[in-house]
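First the structure, in the form of C-alpha cells, and then the observations on it.
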Amino acid sequence: MKQTALSQVHEQLGAKMVPFAGYNMPVSYEGVVAEHETVRKGVGVFDVSHMGEFLITGPKALELIQHVTSNDASKLVDGQAQYSCLPNASGGIVDDLIVYRLDAEKWLLVVNASNIDKDWDWISKHNTMGAEMRNLSEDFSLLAIQGPKAVEAMQSLTSVDLSEIKFYTFKVADFAGIEHVIISATGYTGSGGFEIYCKNSEVAQVWDKVMEAGAKFGIKPIGLAARDTLRLEMGYCLYGNDIDDTTSPIEAGLGWITKFTKDFVNSEALKQQKEEGVKRKLIGFQLNERGIPRQGYEIVSKDGRVIGNVTSGTMAPSLNQGIGMGYVPTELSAPGTEILIQIRKNTVPATVVKLPFYKG
C-alpha cells in the first residue's frame, strides 16, 4: 500500500487510516459529523495527495486534450480550470477530471487516484499527435483547505489576494514559504476554499504552516468520510459510485461538460444521445422518513417495480436527513416524483429533488 508524504502525520494525529485507491488514507479523526460541520461552518484541511497529476505540454497539448476530454478546453485562458470527463468508446466514462491551463502549451490534468494508470494508458493511446506527457502523480502532494473561513485563515501565508481567486481559477504563487505553488479554487465540498499543489518534499512544511495559521480560526484535519458527505450534499458525482465505464455523461447530468462544438472520443454517439434523449437519468432523492440509504440499495417505483439502485447515499449532516443518488428511468426522474428506497426489510418513501441537496 502506498503512503502519502503525510501518512505518518495523520497517524500521529490519531486518524483512523484505511486503504483507499491503493493508498493508506485518513478516513476520520474525531468523527464524520463533527468534521463535516467544521468545513461547513469554519475551515478544515484534507490530505488528498492520492490524486493523480499529468502534465501535458508542447504545441500539440491542447489538441490532445480536446480529443480526449468532453468539455471545450479551448475556451480557457491562463489561470482557469475546467471540470471535464474522458469519454470511452462505448458511451461510458473513463474518468472525470479537472483541466488546468498554465499557459497555451502547458496544461495540468488532475485525475482520480484509483484511475491513474487507466487514465494514463487511455490518454497515451490517443496521443497520436505527439503531445509531451509527464506523469507527476508520485512526486506531488495536494491539500484541500475548505470552508467559509479558508480565505481569512490562509491569507497570511501568501502574497496574492486569496479573495480574488474565483471558483475554477488558480494562481501559481508563493504559499507557506514555498515558491511556485498552485493555489486553486476548485473545491469538492461546496463551502469554498482552496487546493494547494506542491512537491512531496514541501508538503510537511505547508501542512505545519496551514495548521499554525488556521489555529485561531479553529482549523482541523478532515478525513475522507466527511469529504464524501460534503460532496454528496452538493450532488457532486464520485467516480466508481455515480459515474463509471457504463454511465454516459448525458445520463449522469453532465451534459453541461459535454460540448459538441468540437469532435472528441465518441462524440457522435453522445451527441445522438443528447438529441434523442436517454432511457435513464441520475437523480437525487431525499427520504421522507428516518433512514439511511446506502450504496447498492434498491430504488423501487410506487407500484413496486425495482427501477434502479442507490449509487451514493448517506445521512446528510447539514440537513439531518437521508439523501442519495441513483439511476432511474427518465420518466421517473423529474423533481417531485415519489419513489421508495428498500432499506433492509422496509421500503422507505422518498422524493426526487433538484440538486444540490445543500443550498448553503
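Bear in mind these aren't lab numbers, they're just calculated from the coordinates by the rules spelled out. All values derive from a computational prediction rather than experimental measurement. So basically every Cβ, Gly included, is an ideal-geometry build from the backbone, and we count neighbours across all protein chains shown.
The range 261-282 and the range 41-57 have Cα centres separated by 30 Å. Charge dipole of the range 52-135 (Cα centre as origin; +1 on each Lys and Arg Cβ, -1 on each Asp and Glu Cβ, all else neutral): 100 debye, rounded to the nearest 20.
With a Förster radius of 41 Å applied to the C-beta separation of Glu138 and Val33, the computed FRET efficiency comes to 0.75. What FRET efficiency comes out for Lys125 versus Ala204 if R0 is 25 angstrom and r is the Cβ-Cβ distance? Round to the nearest 0.05. The formula returns an efficiency of 0.10 here. A simple charge model with +1 on the Cβ of Lys and Arg, -1 on the Cβ of Asp and Glu and nothing else charged puts the dipole of the range 279-353 at about 180 debye relative to its Cα centre.
Exposure proxy shown here: for His50, His126, His180, His67, the number of other Cβ atoms within 10 Å sets the order, fewest to most, as His180, His126, His67, His50.
Rounded if a/c is under 1.5, else prolate if a/b beats b/c, else oblate: with a ≥ b ≥ c from the C-alpha gyration tensor eigenvalues square-rooted, which is the chain? Cα axes put the chain in the oblate bin. Distance between the pseudo-spin-label points of Thr351 and Ser156 (7 Å out from Cα toward the beta carbon): 4.6 nm. Classify the range 52-135 from the C-alpha gyration tensor, please: rounded if a/c falls under 1.5, else prolate or oblate depending on whether a/b exceeds b/c. Rounded shape, in that the Cα axes give a/c under 1.5. Here the chain is treated with +1 on each Lys and Arg Cβ and -1 on each Asp and Glu Cβ, and its dipole about the Cα centre works out to around 1000 debye. The GluC sites (Glu not before Pro) found in the range 92-177 that occupy coil by DSSP, while having at most 12 further C-beta atoms within 10 Å, are Glu138. Normalising the average separation of contacting C-alpha pairs (under 8 angstrom, six or more residues apart) by the number of residues puts the relative contact order of the chain at 18 percent.
The relative contact order of the range 279-353 comes to 40 percent, based on Cα pairs under 8 Å that sit 6 or more residues apart.
Near the amide H of Gly326, within less than 5 Å, lie the amide hydrogens of Ile283, Thr311, all on another chain or at least 5 residues away, with H placed in the peptide plane.
Considering only Thr314, Ile339, Pro349, the residue lying farthest towards the positive end of the dipole of the range 279-353 is Thr314, judged by Cα position with unit charges set on Cβ. In plain terms, the residue of Ser124, Ser84, Ser163, Ser137 with the fewest other Cβ atoms within 10 Å comes first and the most crowded comes last, giving Ser163, Ser124, Ser137, Ser84. Among Val77, Val181, the ranking by other beta carbons within 10 Å of each residue's beta carbon, starting with the fewest, stands as Val77, Val181.
When the Cα positions of Ile292, Ile257, Ala173 are compared along the charge dipole of the chain, Ile292 comes out farthest toward the positive end, with charges on each C-beta of Lys, Arg, Asp and Glu. Between Lys75 and Ala104, the modelled labels are 2.1 nm apart [label points 7 Å from Cα along Cα→Cβ]. Dividing the summed helix terms, -39500 (n - 2.57) for each DSSP H run of n ≥ 4, by the number of residues in the chain produces a 222 nm estimate of -6000 deg cm²/dmol to the nearest 500. Each label was represented as a point 7 Å from its Cα along the Cα-to-Cβ direction; for Tyr168 and Ala215 these points are 3.9 nm apart.
Of the GluC sites (Glu not before Pro) in the range 240-295, the ones in a loop by DSSP (not H, G, I, E or B) with at most 13 other beta carbons within 10 Å are Glu289. Over the range 52-135, Cα pairs under 8 Å with separation of 6+ residues give a relative contact order of 41 percent.
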